[in-house]
């Protein structure tokens, strides 16, 4: 049984052969996050790909990235390693437009440094390891595009598409292709 799980994990890292059929359609959502510093703790400052949720950092450490302004006062997204929660999630800047991005890469994610963003920035996200319903731990993947940065409100607005199907890297609307 352990060998089967290991084989499934190895296959899932490169393609979707051997994964259960996807069952959750991909959709785009619009989200607002507030800076970690200088805003009320009751406001969401981070995002969890599992469940596609904006979360409060005072209530959970189950997050994949957080929003804040860096030391130069530039808006930035911080993977877990950049906020001392372990190098579990990653971000990478995309050179492809949000709409044209169809598949998340398996590597090249920044794990330990913030990435500065501005309106129009497109990023790819890999989640922290996620326990899948079929008994294997894999990552979730997403793409996001910054819609606006409000420095007065210390808020970042973005649209995001999260593939909730464990091990799938498809970033198109609807069910990911096998």
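Results, tabulated for the structure shown:
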quantity	calculated
Residue ID - surrounded by the fewest Cβ atoms within 10 Å (Cβ to Cβ), chosen from residues in the stretch 73-87 that are over 15 Å from residue 149 (Cα atoms) and more than 11 Å from the chain's Cα centre (by Cα)	84
Residues of the stretch 45-65 satisfying the condition of being in contact with a strand residue (DSSP E or B) (Cβ under 6 Å, 6 or more places away or on another chain) and in a strand (DSSP E or B)	46, 47, 48, 54, 55, 65
Residues of the stretch 66-104 satisfying the condition of being without any contact (Cβ under 8 Å) to a residue 60 or more places away in the chain, more than 20 Å from residue 152 (Cα to Cα) and part of a loop (DSSP other than H, G, I, E, B)	84, 85, 86, 87, 88, 89, 94, 95, 96, 97, 99, 100
Residues located in the stretch 56-65, provided they are modelled with pLDDT of 95 or more and under 23 Å from residue 152 (Cβ atoms)	56, 65
Out of 108, 135, 120, sole residue that is on the phi > 0 side of the Ramachandran plot, surrounded by fewer than 14 Cβ atoms within 10 Å (Cβ to Cβ) and within 16 Å of the chain's Cα centre (by Cα)	108
Members of the stretch 9-41 found to be surrounded by fewer than 11 Cβ atoms within 10 Å (Cβ to Cβ), modelled with pLDDT under 95 and not in a loop (DSSP other than H, G, I, E, B), listed by number	10
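Table: residues versus (1) at pLDDT 95 or above; (2) more than 27 Å from residue 25 (Cα to Cα); (3) out of contact with any helix residue (DSSP H, G or I) (no Cβ under 8 Å at 6 or more places or on another chain); (4) not in a strand (DSSP E or B).
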position: 112; (1), (2), (3), (4): yes, yes, no, yes
position: 120; (1), (2), (3), (4): yes, no, yes, yes
position: 125; (1), (2), (3), (4): yes, no, yes, no
position: 133; (1), (2), (3), (4): no, no, yes, yes
position: 145; (1), (2), (3), (4): yes, no, yes, no
position: 148; (1), (2), (3), (4): yes, no, yes, no
position: 152; (1), (2), (3), (4): yes, yes, yes, yes
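The values are calculated or read from the model by the stated rules, or taken from the named source; none is laboratory data. Computed from a predicted structure; not experimentally measured. All Cβ positions, glycine included, derive from the backbone under ideal geometry; neighbour counts span all protein chains shown.
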